[in-house]
1. Condition first: open to solvent by less than 10 Å² (accessible area, probe 1.4 Å) and over 18 Å from the mean Cα position of the chain (by Cα). Now tell me which residues in region 161-180 satisfy that.
2. State which residue pairs qualify: first residue under 18 Å from C439 (Cα atoms) and inside region 352-374, second residue within 16 Å of ligand 1 (Cβ to nearest atom) in any location, beta carbons under 7 Å apart, and separation of 6 or more residues or different chains.
3. With (1) open to solvent by less than 10 Å² (accessible area, probe 1.4 Å); (2) over 30 Å from E232 (Cβ atoms); (3) within 16 Å of ligand 2 (Cβ to nearest atom); (4) assigned to a helix (DSSP H, G or I) as the list, and L353 as the residue in question, which single condition is left unmet?
4. Taking the criterion of being within 30 Å of T116 (Cβ to Cβ), open to solvent by 10 Å² or more (accessible area, probe 1.4 Å), free of Cβ contacts under 8 Å to residues at least 24 places away in the same chain and among the basic types (K, R), would at least one residue in region 85-98 satisfy it?
5. Across region 296-323, what is the total count of residues that are in a loop (DSSP other than H, G, I, E, B) and over 13 Å from N460 (Cα atoms)?
6. Mind checking whether some residue in region 397-407 is free of Cβ contacts under 8 Å to residues at least 60 places away in the same chain and farther than 30 Å from Y84 by Cα?
7. Which pairs have Cβ atoms under 7 Å, sit 6 or more apart or on different chains, and link a residue in region 440-461 that is away from ligand 3 (no atom under 15 Å from the Cβ) and open to solvent by 50 Å² or more (accessible area, probe 1.4 Å) to one that is of a type outside the set (V, I, T) and in a helix (DSSP H, G or I)?
8. Being touching a strand residue (DSSP E or B) at 6+ places or on another chain (Cβ under 8 Å), within 29 Å of L388 (Cα to Cα) and in contact (Cβ under 8 Å) with a residue 60 or more places away in the chain: is that true of A71 here?
Amino acid sequence: MSAAMKLSISPGRVNFLVISLLVPLHLSLTTASIQRYFGSKTAYELIHPPPEIVIEDEFNSVQVGTFSCLAAHSSAVMRHGARYPGLEDVETISKIHNEIKDKLTIDKFQQLKEWTNSFPRNDDKILMALGEDEHIHLGQRTARRLRSLFVDEDVENFRFLVSSKQRTQESGNAYYEGFLQALMGDTEEGDMDSELSDETLRFHERCQKYIRTVDKNETAIKEFYKFRSGKEMTNILKKVSSKLGIPENLLKTENLRTMYLVCGYETALYQSSPWCSLFDEEDFKVLEYLSDLKHYYKNGPGHKITGVQSCPLVTDIFTTMDDAIEAMETEVDEEDLNGYILGNFYFGHAETLGPLYTALGLFNDTLPPTADNYQQQSSRLFRTSEILPFSANLMLILYECDQNDELLTESEAADETRETSQYMLRLYVNEKLMKIPGCEDFTCLYSHVRKRFVDLISCNFSQVCDHNDRPRDEL
Ligand SMILES: *[C@@H]1O[C@H](CO)[C@@H](O)[C@H](O)[C@H]1NC(C)=O
Ligand SMILES: *[C@@H]1O[C@H](CO)[C@@H](O)[C@H](O)[C@H]1NC(C)=O
Ligand SMILES: *[C@@H]1O[C@H](CO)[C@@H](O)[C@H](O)[C@H]1NC(C)=O
């Protein structure tokens, strides 16, 4: 307002300024609302905006009944940050563009007509600068929230695991950079010392039973295909074709998904994309659901083996926590302070985190999403934009708890059989506290959790993933 007042001496100029100020503002509002529906291609900080102030040591201590607990260890599994699209989407969108560009006559789609494909044409899916930022910030916030646990500790007390892909390694490096920055102020840059472990992070490529029955089995994701050609998608196709002024049979409903994904990728890269202008918010919700169906039946609760195959990761996490507890128990004399792993960080994929959620029983809707129940699923738990965006993360914090004698009644204090110390766990998903399935409270006994998941923790990967497939037609 005041800017317009000041400039009112020259009315022509004011108009120009007002328009050029308002247009981007309007655009950015639209963009902000649709950016929440990009499924697993959603930018992390848009769906989980970081707090303005991260409280130092926020996660470091908790009071549970008469026990005072201090963080003793933390394990976190993170998906890589925002990345470039894969080759298939990059090539498909060019084909779609070729199909439609000469038929676009309406001025409104000038930008789309002139659009050029600027994505890299390899299939490297490398991390974007945005993805790097997501992990720098995540590393900073974690270090700050658990500062007392991590500060002044030796690098040997930290463990960083990455997969064989550039995007997880660079996410790890970015996280490490933010982590050190927050703990020690500005430091010279240096890459972290990481372990490469596809066994724990890309188990989906090694589990034959998963590969045969789910990953390479189109029937396993039939709900996805059914919804893709169903009435909600056909309706969008009609709307989009009519907006563009093109015949309805020029595009297929599967093309809509590629256009939606490219709208997402370009929004992450350039804050806007002409492809987005083809859809309204309702369309985005439908396209998000289509993506959710794919993940639900490929990386989620849709098939039991999907969760079970995460056993190497679950085993690794719990073994590390067992070792930490054992070290704390034996560390009676202060001599042996070489210690144990305080921070255990894994950098993986949607194919890592989705199965882990599933194995732990998280986001398991009582009514499974299908092609026919879109309307009933508006408040589903399994919404990938929220649970599996880029840089999605799950963190377990192990607490060492001691009885706080001041909080005891006289008879409690006199009871010689009472526990004086115990280990407790808390779960944070995308930085929000969540109940661990099977626990009544947010803070849960470690032994209780361990017992609930013991089958997974002590599983035999080759056994659970063994797939005796004797092709029927080979008799
Ligand atoms: C493919 O998936 C369907 C549905 O889950 C299942 O019934 C079928 O046995 C699977 N096929 C193979 C080869 O495992
Ligand atoms: C998910 O829920 C279904 C039914 O509600 C149940 O049968 C299944 O065991 C659950 N999965 C996990 C891993 O808890
Ligand atoms: C795991 O199972 C495989 C085959 O099912 C078996 O050969 C192997 O000895 C088992 N490993 C352990 C550690 O029990």
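The values are calculated or read from the model by the stated rules, or taken from the named source; none is laboratory data. Remember, it's a predicted structure, so these values are computed and weren't measured experimentally. A quick note on method: Cβ atoms are made from the backbone with ideal geometry, for glycine too, and the neighbour counts reach across all protein chains shown. These area figures cover heavy atoms from the full protein model, side chains too; ligands, DNA and RNA do not enter into them. Shrake-Rupley method; radii C 1.70, N 1.55, O 1.52, S 1.80 Å.
1. Of region 161-180, the ones open to solvent by less than 10 Å² (accessible area, probe 1.4 Å) are 161-163, 168, 171-172, 174-175, 178-179.
Answer for region 161-180, where residues must be open to solvent by less than 10 Å² (accessible area, probe 1.4 Å) and over 18 Å from the mean Cα position of the chain (by Cα): G178, F179.
2. As it stands, the answer is T358/G300; T358/P301; T358/T306; T358/G307; A359/G307; A359/V308; N364/P301, since those pairs meet every condition given.
3. The one condition L353 does not meet is (2).
4. Yes; the residues of region 85-98 include at least one that is within 30 Å of T116 (Cβ to Cβ), open to solvent by 10 Å² or more (accessible area, probe 1.4 Å), free of Cβ contacts under 8 Å to residues at least 24 places away in the same chain and among the basic types (K, R).
5. Initially, region 296-323 is screened for residues in a loop (DSSP other than H, G, I, E, B), giving 299-303, 309-310.
Now narrow it down to the ones that are over 13 Å from N460 (Cα atoms): 299-303.
Selection size over region 296-323: 5.
6. First pass over region 397-407, keeping only residues free of Cβ contacts under 8 Å to residues at least 60 places away in the same chain: 405-406.
Those still in the list that are farther than 30 Å from Y84 by Cα too: 405-406.
Checked region 397-407: at least one residue is free of Cβ contacts under 8 Å to residues at least 60 places away in the same chain and farther than 30 Å from Y84 by Cα.
7. Taking only residues 6 or more apart or on different chains, the pairs are R450/F318.
8. Numbers: touching a strand residue (DSSP E or B) at 6+ places or on another chain (Cβ under 8 Å): yes; within 29 Å of L388 (Cα to Cα): yes; in contact (Cβ under 8 Å) with a residue 60 or more places away in the chain: yes.
When the stated conditions are applied, A71 passes them.
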